[in-house]
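A.B. asks: Attaching a single structure in structure tokens format; questions to follow.
Quick note: the coordinates plus some simple rules give every number you see, no bench work behind them. Worth saying up front: this structure is predicted, and the values here are computed from it rather than measured. Cβ coordinates were reconstructed from backbone atoms using ideal geometry, including for glycine residues, and neighbour counts include every protein chain displayed.
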């Protein structure tokens, strides 16, 4: 039904076309009536002129034009109902097309609003990256429990990467290094891509990043992974995104960057969650 309405109002007859068509019809109608009156009068006057022996056509034409015009004026009241019917029909036609056009505009606006709402909902979402719980803080050393889970959104048959680790690190300001893949807003808003963050290292205010604790051991990383942190569930896609700029651009990657999420003065029992925002970037949420 929507496509029929659109084709009717937009492709076949627009309001401008309908209005011009009605005016053209009225003009043709009056020209036709005038032409009939003129020919009839001219024929009659020609016969009268011949019978009277007059040969000049110009006076006959002039007289015929005047008589035809006079007949139209004198018969205006007879033509008025016809003209009124035409005007009424034109008004109804224009009203119908205007109503159809309004319905189509409403439908188009509803579609745009629905698409924007869906895009905003996608962009307002965030995905869990890593949960952290402070088990203890003893003599400046923090023991953390980390819970991680990642699944392949494009292939449910790929087993998820899921692990729980407990690590101890010196320092009470905890930093988590992540690699973040941000896709374009249009890709995320359309639901075709999701921003991804992979935590790969923990360090602190007393342990430098280069000496930090790696979160993925060698047996959790594919042998052909040259980057040392991409879990197998992301291996094919993300490794290629890093290695092939043209492929990354085609997939709508907006940026690939390392990001450090941190929390100072952690205490026993603190719980945090690192989330990747679909508008871009990471956030640290207290649980």
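A.B. asks: Taking 4 °C and 1.567 mPa s as the conditions, I'd like the Stokes-Einstein D for the range 128-286 in µm²/s, using the Kirkwood hydrodynamic radius from alpha carbon pairs. Walk me through the numbers on the way to the answer.
C.D. replies: Values: Rh = 16.4 Å.
It comes out at roughly 79 µm²/s.
A.B. asks: Across bins of 5 angstrom width beginning at 0, how are the C-alpha pair distances of the range 134-200 distributed, in whole percent?
C.D. replies: Spelled out per bin, shortest first, that is 3, 13, 16, 18, 16, 12, 9, 8, 4, 1.
A.B. asks: May I pose another question? Let's test the formula: R0 of 25 Å, r as the Cβ-Cβ distance of residue 243 and residue 119. What FRET efficiency results, to the nearest 0.05? Don't skip to the answer; put the middle values down first.
C.D. replies: Details: r = 30 Å, r/R0 = 1.20.
Rounded to the nearest 0.05, the efficiency is 0.25.
A.B. asks: I'm checking a number: the convex hull volume of the Cα atoms of the range 97-221, normalised per residue, in Å³. What is it?
C.D. replies: On the way: hull volume 17.9 nm³, N = 125.
Taking the convex hull of the Cα positions in the range 97-221, it is 143 Å³ per residue.
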